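Just so it is clear, none of the values below were taken in a lab; they were calculated from the coordinates. On a predicted model such as this, the values are computed, not experimentally measured, just so you know. All Cβ positions, glycine included, derive from the backbone under ideal geometry; neighbour counts span all protein chains shown.
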Amino acid sequence: MRSVHVARGRLLRGLTALVVGTAGVAVAAGPAAAQDDPGWVDGWLGDVTVGGPGAPGRTVPLTLNSTGASQPRVTIDLTGLAGVATAGFPDYCVTQGTSVTCPMPPTAIEEFGTLTGTIPVVFRPAPGAVDGATGTLDYTALGEQTEAYAQQATVTVRSGPDLLDLVDEHLTGVEVGDNLAVPVSVVNAGDHPAVDLRLTMRFPVGLVPTNYRNCRYGTNQSLATVMVCTVRGTFAPGQRHELRGGLGTTVGPATLGSKRITQVVEPLASAGPLPSGVKLRSRDADRALRLRPVGTALDVLPVEASRADGQTYLRGVHGAFDIVATGAAVTGAVGDTVRVTVGLRNTGPGVPDGSISGESVGAFLFTPPAGVTVLATPPGCWLSGDEEEPETVPATWYCNGPGSVFPAGTTHAVGFDLRIDSLSGAPGEVQPFQRYPRVDDDPSNDIAPVTVN
């Protein structure tokens, strides 16, 4: 093998040159690297429906998002709206013919490195626009050196009444025993008056609404009170109507956790089917629910007026309740098959309610006693845990809850058939799968033993 000898001085000079050269590359690469990441800009404008000529304008949000981009903006092409609708923009936007350019709004908020702004766009029907006419609005969000993506929203003219709900309330500090004044407020976004309307409201379990003689009431599968009212009157275009003083609602002892009171308004002549699976009945009442006009008719509807449904959200009502684990104690000999019935009981008065999240409540975990074999998994239950857990970890079964609510005074129990292999093992246990919506008022009874002797 041929050996190569490099003098120490030559080696040091070479290393010095390499270090200097590398540093030069790093310095030169800095601006280039920055230019390689121009950031991104994105925009969103949903499809829009406006009333016919004579309807109030509709304010619709055009959302602009940007991360790390220089001069984020959106350009809008109005050519496709000709004869269908007009679009108005804030003063900070620049209009040239049928093209509009809007920078990131001065009210934009930065969160987690992303800048988000909302540009209010006011749409109106064009003079002479006919029912069913459609047009398009093309828009492109971009920044300096970012890749531009063209998007399109469809604008449709619909003649006739168009009732929108104006309620979006969020309440905190609500307690059991309170009497709430739930707002009810609607506006007609159409070009024709609405003669009579239907108001449909849903009050989750625990919330008790006032009785009105022009309303019918029922209870759905999640124990919510469904209230359907026929409200007489003429609701002119752009005119807001409200229930004076709000709709009285009692926060009863069954109320627990966060609640969402929903409401939907529809012109009576075109209202959809009544809520399914609910038997509606009238209740004794000394007055009717009436909506009164408020102020003068609006020429332009606010951005909040966008849907036929609204909500009043109650955050975290504390409510008292106690979930009790129900264990079991059975006897038998080795080789026998015995049945244990285990589960949970809600002694109330609060009712865990998972209807907002859509999850099942009242689920539990069952760990059998040592020395037994579960012969079959009952419906609604399955073996829980990681298959790679060591054999020293007891097998545990998860059992689903009874539904979206766990009524006070009820028990959710499941039977397991066990074969006794030995009688010297440790007891098993049953406990809630989760403490929902919080740890209850007596955690000491949340775990119960299961024994085989």
### Task
Estimate the FRET efficiency between Thr230 and Thr172 by the formula 1/(1 + (r/R0)^6), using the beta-carbon distance for r and 22 Å for R0, to the nearest 0.05.
0.10
#### Entry: Helix-only CD estimate at 222 nm, as mean residue ellipticity for the chain, using -39500 (n - 2.57) per DSSP H run (n ≥ 4)
-2500 deg cm²/dmol
#### Entry: Percentage relative contact order, segment 323-452, counting C-alpha pairs under 8 Å, at least six apart
41
### Summary
Expressed in nanometres to one decimal, the distance between label points 7 Å along Cα→Cβ at Phe112 and Asp131 is 4.6
### Task
May I ask you to sort Met201, Met104 by Cβ crowding, counting other Cβ atoms within 10 Å and putting the fewest first?
Met104, Met201
### Query
How many nm separate the modelled label positions at Asp36 and Ala297, each set 7 Å beyond the Cα in the direction of the Cβ?
6.2
### Message
Can you tell me how segment 68-206 classifies by the Cα gyration tensor, rounded, prolate or oblate, using a/c under 1.5 as the rounded cut?
### Response
oblate
### Message
Within 10 Å of each candidate Cβ there may be at most 10 other Cβ atoms; applying that plus a DSSP loop requirement, which GluC sites (Glu not before Pro) in segment 293-388 survive?
### Response
Glu387, Glu388
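Name the GluC sites (Glu not before Pro) in segment 145-224 that are in a loop by DSSP and that have at most 11 other C-beta atoms within 10 Å, would you?
Glu147, Glu175
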### Task
Arrange Trp397, Trp382, Trp40 by Cβ neighbour counts within 10 Å, fewest through most, would you?
Trp382, Trp40, Trp397
### Summary
Taking a ≥ b ≥ c as the square roots of the Cα gyration tensor eigenvalues, with a/c under 1.5 meaning rounded and otherwise prolate when a/b beats b/c or oblate if not, segment 163-317 comes out prolate
### Query
In segment 108-208, which chymotrypsin sites (Phe, Trp or Tyr not before Pro) are in a loop and have at most 11 other Cβ atoms within 10 Å, using DSSP for the loop call?
Phe112
### Task
Express the relative contact order of the chain as a whole percentage, based on alpha carbon pairs under 8 Å and six or more residues apart in sequence.
14
### Query
When Thr312, Thr373 are ordered from fewest to most other Cβ atoms inside 10 Å of their Cβ, what list results?
Thr373, Thr312
### Query
Once you sort the root eigenvalues of the Cα gyration tensor of the chain as a ≥ b ≥ c, which label holds: rounded (a/c under 1.5), prolate (a/b larger than b/c) or oblate (the other case)?
oblate
